[in-house]
Amino acid sequence: MDSISVKSLGNNLNASFKIKNPQIVNGCQTVNSIYEALNKIDPNKLDEEFKDCFVMLKILEINREDDNEKILYKDIVRYTNSQNSIKESTFIANRSEFLRLQTEFERKGFLLLIKQSDKHTFSEKY
């Protein structure tokens with residue numbers, strides 16, 4: 001399945017699907033806490049231990065090739081994180097100039113790490 005919708009999933013709590021290239025917009029601390037908790041438990045007991053646990057999430061599919069949706073994406077990142085104090089400089093890494101430079105460096109065989117997540121992104125890619 002390439003995409004999902006509320007209609008296609010309905011109320012099925014056991015539905016499963018794959019998400020390609022997910023990005024966490026808000027919730028990094030939560031995800032890190034979950035990761036730390038899971039690492040403390042025997043992997044063979046994870047299914048049983050967490051069979052009744054649910055994590056609420058919001059999935060948005062945004063076409064970042066579309067200029068209007070690029071703006072929407074940047075606004076979602078900015079305003080979803082507004083309850084935490086985030087410096088304006090954090091958002092500079094998402095500016096088109098930096099992303100263009102990163103792409104140009106990559107074409108020439110260099111990796112330009114702009115955001116903290118870039119190290120992880122490039123380690124998976126290369």
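The values are calculated or read from the model by the stated rules, or taken from the named source; none is laboratory data. Note that the structure is a prediction, hence the values are computed from the model and not measured. Quick reminder, even Gly has a Cβ in these numbers, built from the backbone with ideal geometry, and neighbours come from all protein chains shown.
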Where a residue in segment 112-126 is within 17 Å of Leu101 (Cβ to Cβ) and its partner, wherever it lies, is among the aromatic types (Phe, Trp, Tyr) and surrounded by 13 or more Cβ atoms within 10 Å (Cβ to Cβ), with Cβ under 8 Å and at least six apart: Leu112/Phe105; Leu113/Phe122; Ile114/Phe98
Test: residue in segment 54-65 that is part of a helix (DSSP H, G or I) and either at pLDDT 85 or above or not β-branched (Val, Ile, Thr) (or both): no
Test set (1) at pLDDT 80 or above; (2) at negative phi; (3) not aliphatic (A, V, I, L, M) - Ser85 fails condition number: (1)
Residue, farthest from Tyr79 (Cα to Cα), within segment 27-53, restricted to residues that are assigned to a helix (DSSP H, G or I) and β-branched (Val, Ile, Thr): Ile34
Segment 1-25 residues that are outside any helix (DSSP H, G or I) and of a type in the set (D, E, K, R), paired with ones that are at pLDDT 60 or above and surrounded by fewer than 10 Cβ atoms within 10 Å (Cβ to Cβ) (beta carbon under 9 Å, 6 or more apart): Asp2/Lys20
Checklist (1) surrounded by 12 or more Cβ atoms within 10 Å (Cβ to Cβ); (2) at pLDDT below 75; (3) of a type in the set (Lys, Arg) applied to Lys7, failing item: (1)
